[in-house]
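The values are calculated or read from the model by the stated rules, or taken from the named source; none is laboratory data. Note that the coordinates shown come from a computational prediction; the quantities given were computed from them, not determined experimentally. Cβ placement follows ideal geometry from the backbone for every residue including glycine, while neighbour counts extend to all protein chains displayed. With ligands, DNA and RNA removed, areas are computed over all heavy atoms of the protein, side chains included. Shrake-Rupley method; radii C 1.70, N 1.55, O 1.52, S 1.80 Å.
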Amino acid sequence: MSLRNWERRLYLTAHPFAYPLLRGLARIGPAVKVPGVGIVVNDAALARAVLLDGEAFRKDGPGSPGDLWTPILGPSVLLNMEGEAHRALRRRLTELFTASSTAALCARVLDSPLKELSARLERGEAVDLVDTMRVMAGAVICEVIGLPDIDEAACREMFERGERIVAMVKLRTRTLNPAQVARAREVLDPIGDVAARAFHRGDETTVMGRMRALGLSEEEARGAAGAFFLTGTETVATLVPRLVALLHDTGELERVAADPSLLDPAIDEAMRVTTPTPVMLRSVHAETAIGPVTARPGDRVLIATHNCCRAAGPFALDGAPGKAELRRLWFGAGPHFCIGYPLALAEIRAVAETVLRHAPVRVVSRRAARGVLIPTYAELTIQKAA
């Protein structure tokens, strides 16, 4: 099966009805009003303008991420805040996610799993990279929330819990119903308890301890832990198998393995094509125009990040005209650019480097996942080529 068909298959398997609708809307125009969905933005320049305009477009109004997550996480997490309160909390949290600190965290937490991955590949074993990434992503996020040194089974369980919560969100979802909120709280409340205990221990070598030292409240620490849990696992766990598959299918894997300077551009290009955040939500607070569409207060804006990114064409390591204009749009823009980006990049880079050291590597089997929010592989087995 060709590269194009595999990437398409992942989306169609995850969203057999919503994905064709989303791609069809891209052909209608740069922005289009869809009953029951909202104003869908398909153009990268318009999307960036919406993301940068925090006065007209907000994350804390009707149809926004706040409607989805505030009942579960509370009011004081970055993904449902705006204004000075958001800026103040973000300034404090940014100190926890520098390039150097996240690289050190990943090196510490992933040292043993990466050595095991390397040894298995060196022995010529077939390795399911999807399962491997679930364990690693689970281990990293457990370290962040204050639950270090858990076994592989617990890491898998943590990942699956977060995946089930996020999968409740569909294209038309504006709020979660009481039963969904209750199920999410069953998962997230214990995580908040773990984070609170780590927060009160005050160990500044931990993320939660640093939050206390930075002056955050327990409520903010609990909410942040829940948000990190929901957003900090799937992005990495789904991206790495798709990155390796993209490099394999385009014949670029050995080239990147031979030239380490190509790894970061390859990661960026894989993120553009796979789009870790396929859609983003905003609520309109002031009448304005989004391209040809008039947006009025209370309207819901759905930024079709996937449409914006895929307009630049298929995966191409050497780049193509216009791609630079996207500037990591898949992680947002402006004051809401993903604060965890350095952590995600550090983890992706660490695992990718390990796999590439064993090039040539081939994909021996793969299967698309069903019932997930972010399209991904249910299984992607790789093996060092003989």
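Values as computed for the structure displayed
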quantity: Some residue of the range 290-300 being more than 23 Å from residue 236 (Cα to Cα), open to solvent by 10 Å² or more (accessible area, probe 1.4 Å) and in contact with a helix residue (DSSP H, G or I) (Cβ under 6 Å, 6 or more places away or on another chain); calculated: yes
quantity: Residue 272 vs. criteria in contact with a helix residue (DSSP H, G or I) (Cβ under 8 Å, 6 or more places away or on another chain), open to solvent by less than 10 Å² (accessible area, probe 1.4 Å) and of a type in the set (Lys, Arg); calculated: yes
quantity: Filter result for residue 195 (in contact (Cβ under 8 Å) with a residue 60 or more places away in the chain and out of contact with any Pro (no Cβ under 8 Å at 6 or more places or on another chain)); calculated: no
quantity: Out of 379, 353, sole residue that is within 21 Å of the chain's Cα centre (by Cα) and either closer than 22 Å to residue 7 by Cβ or assigned to a loop (DSSP other than H, G, I, E, B) (or both); calculated: 379
quantity: Qualifying residue in the range 261-281 (condition: part of a strand (DSSP E or B) and either within 21 Å of residue 235 (Cα to Cα) or modelled with pLDDT of 90 or more (or both)); calculated: yes
quantity: Flag if residue 283 is surrounded by fewer than 22 Cβ atoms within 10 Å (Cβ to Cβ) and at negative phi; calculated: no
quantity: Members of the range 205-248 found to be part of a loop (DSSP other than H, G, I, E, B) and either over 30 Å from residue 264 (Cβ atoms) or open to solvent by less than 10 Å² (accessible area, probe 1.4 Å) (or both), listed by number; calculated: 215, 216, 217, 233
quantity: The lone exception for residue 39 - which of (1) in a helix (DSSP H, G or I); (2) aliphatic (A, V, I, L, M); (3) open to solvent by less than 10 Å² (accessible area, probe 1.4 Å) it fails; calculated: (1)
quantity: Sole exception among (1) in contact (Cβ under 8 Å) with a residue 24 or more places away in the chain; (2) within 28 Å of residue 290 (Cβ to Cβ) for residue 105, by number; calculated: (2)
quantity: Given (1) under 23 Å from residue 181 (Cβ atoms); (2) open to solvent by 40 Å² or more (accessible area, probe 1.4 Å), index of the condition residue 65 fails; calculated: (2)
quantity: Selection from the range 112-151 of residues that are touching a residue at least 40 places away in the same chain (Cβ under 8 Å) and basic (Lys, Arg); calculated: 134
quantity: Hits in the range 109-164 - residues which are assigned to a loop (DSSP other than H, G, I, E, B), within 27 Å of residue 202 (Cα to Cα), out of contact with any Cys (no Cβ under 9 Å at 6 or more places or on another chain) and open to solvent by 60 Å² or more (accessible area, probe 1.4 Å); calculated: 151
quantity: Residue within the range 48-63 that is closer than 30 Å to residue 381 by Cβ, in a helix (DSSP H, G or I), at pLDDT 90 or above and among the charged types (D, E, K, R) present; calculated: no
quantity: Cβ pairs under 9 Å, 6+ apart, first in the range 175-190 and at negative phi and in a loop (DSSP other than H, G, I, E, B), second of a type outside the set (S, T, N, Q) and open to solvent by 60 Å² or more (accessible area, probe 1.4 Å); calculated: 175/71; 176/71; 176/183
quantity: Test: residue in the range 43-60 that is under 25 Å from residue 176 (Cα atoms), open to solvent by 30 Å² or more (accessible area, probe 1.4 Å) and not basic (Lys, Arg); calculated: yes
quantity: Checklist (1) surrounded by 14 or more Cβ atoms within 10 Å (Cβ to Cβ); (2) within 17 Å of the chain's Cα centre (by Cα); (3) over 20 Å from residue 41 (Cα atoms) applied to residue 371, failing item; calculated: (1)
